[in-house]
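Report on one structure; see the data block that follows.
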Amino acid sequence: MAEQEHRSPTTENGAPATPPSADAGSREGRRARARPRVIAALIVVALALAALLWWHPWRGAGPAAGSPHTAGGRRALANMPQPVHVATATSGEMPIVLTALGTVTPLATVTVKTQLSGTLQSVAFREGQLVKAGDVLAQIDPRPYQISLQNAEGALAKDSALLQTARLDLQRYQALLAQDSIARQQVDTQASLVKQYEGQVQSDRANVDTYKLDLTYARITAPVSGRVGLRQVDPGNYVTPSDANGIVVITQLQPISVVFTTSEDNLPAILARMHAGAKLSTTAYDRNNTIVLESGYLETLDNQIDTATGTVKLRAMFANANQMLFPNQFVNARLLIDTLRNAVIVPSSAVLNGANGPFVYVVKADNTVTVRQVKVGPVDAERTSIASGLAVGERVVVDGSDRLREGAKITVAPDAASVMHGASGSHARGASGASAGPAASGAHAHHRRAASGAASDGAQ
C-alpha cells in the first residue's frame, strides 16, 4: 500500500502527469517571450496616433485659419496686390454695324417644263452643270410637229392659188361691168370671194407659224443662266406640259442676294444713308460668324413692316464670284450703316456688367483701381466704344478683374503670356477666378499643416 501511495500520478491514458511547478514555469516563459512583441505593437500604434494627430485630416473639410475661405483669409488676400492686365483707352474709328441672320435667295429659280407633249429623246446637260441662257437642255421628238408643219404649208399653197384665181376673175368682171356686159351683183360676189380667200390664206400662214414654233419648243433651252439641279425625268419618257416636276430646275447663282431682317428702330438711320445716295456695304459671314463668304451692298428694302415682329426685310446683292453663297444657305449679314470718328475705344473684355449697368475698373496712378460707370456705344467684336464715362489715355483692367473691388491694389502683368491659364477676355473671367482659388489655397497649405503639427505636439 505504501508503494502505491508513493507511485507517480498518471493521466487517464497512463501517461505521467506534469507537476504543478513545471506547468507554472512554462507559462511564465511564454509570457516573457510575448512581452517584447506587445511592446513593439504598442509603440507602432502610438506612432500612428501621433502621425494622425499631426496631420489632422478631419480639419480639411472646414476652412482652416489663414484660408481664403475664412474672413481673415479673404481680408489678407484682398489686401494683396492682384495681378491684372490693363489696356489704354484709344481714339479711333468705330463702325456702326447691324448684324442679322439672313437667307441666301437666288434672283431666279426656274422649273424647266416642256411646252409640248411628246417623247423625251435626249438630255443635253449634266446634273450640277453651270449653263447659260439659250443652251440646249433637252430634245422632244419633233417628227409629229414636222408633219403638221408640212400639212399646214400645203394648205397655204392651195389657198394662195385659189386667192390668185379669184383676184384675176374679179379683174375680168370689173372690166365687163365697165362695158355694162354683166350685173354689178356678180362683181360684188366675186370681190367677196376674194376676201374669203385672203382670210383663209392668212389663217394658213398662222398655222404654219404655229407648227414652226412647236418645232422650236421641241428643242428645250435654258431660260436663265445658273446651275442645273438633279434631273427629274429620264430620256424615253412621255412628257407633257402638265408635269408638276418638269425636267430640271435652274437656279441663278451670279449675282445672288441675301434677304435678312432688321428692327424698325433701325430704319431711320438706314433710310437716311440711302436717301443721301450712299451704297451701304454688306458682308456675309458663315453660320458661326467667323468666315467671310462674300462682300456686297444693300440693294433695297421691303415696302412695309411686318406688324407681327416689328421688322422689315432687306435685300443685299453679292457678285458671288467664288460661288461661296449657296441658295437657301443661312448666313450672318453685317450691314455697315456709318462710322464713328474719334470714338473712345477699349477692349470688350474691359467692360463689365453690374447692378447699375456697365462699368470698368480704371487704374489710377498709385496702382489702385476705381469703379467707373460708363455708357457703351457701338460694339465691334473685340472692341467696344465708350460714349461717356471714360477719357482717351486712361488705363482699364482687361483681365484679372474677378477679385478686384473699389480701391484694390494691383500689379500689372508684363505681357499676355503671364495671364493665368484659360483667362481671356470676358469669357475667361470666371475661369481665371476658378484657377486662382486652388492656387491661393495651396499657398497656405504648408502653413496650415505646420500650425496643426505644432498644436498636436503641444497637446502631447
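The values are calculated or read from the model by the stated rules, or taken from the named source; none is laboratory data. These numbers were taken from a predicted model, which means no experiment stands behind them. Note: ideal-geometry Cβ built from the backbone for every residue, glycine included; neighbour counts use all protein chains shown. With ligands, DNA and RNA removed, areas are computed over all heavy atoms of the protein, side chains included. Shrake-Rupley method; radii C 1.70, N 1.55, O 1.52, S 1.80 Å.
A straight chain from Thr119 to Leu162 at 0.36 nm per residue would run longer than the Cα-Cα distance by 11.7 nm.
Distance between the modelled labels on Asp265 and Val392, one decimal in nanometres: 2.9 nm (7 Å Cα→Cβ projection). Relative to the current alpha-carbon distance between Gln146 and Arg287, full extension at 0.36 nm per residue lengthens the span by 45.4 nm. Maximal additional length on extending the Ser91-Gln323 stretch stands at 79.7 nm, based on 0.36 nm per residue less the C-alpha distance.
Think of a 1.4 Å ball rolled over the protein heavy atoms: segment 251-323 then has 56 Å² of accessible area per residue. Per residue, segment 136-231 exposes 63 Å² of accessible surface when a 1.4 Å probe is rolled over the protein heavy atoms with every protein chain present.
Projected over every direction and averaged, the convex hull enclosing the alpha-carbon atoms of segment 234-293 yields 8.7 nm².
Residues whose amide H lies under 5 Å from that of Leu340, counting only those 5 or more places away or on a different chain, are Met94, Ile96; hydrogens are built 1.01 Å from N in the peptide plane. Modelled label positions at Leu213 and Asp169, each set 7 Å beyond Cα in the direction of Cβ, lie 3.4 nm from each other.
May I ask for the net charge around Thr261, where only other residues with Cβ less than 13 Å from the Cβ of Thr261 are counted and Lys, Arg are +1 while Asp, Glu are -1? Surrounding charge for Thr261 is -2. Per the 1.4 Å probe, what fraction of the accessible area of segment 234-277, in percent, lies on carbon and sulfur atoms? The nonpolar share, carbon plus sulfur, comes to 49 percent. From the alpha carbon centroid of segment 316-332 to that of segment 174-216 is 61 Å.
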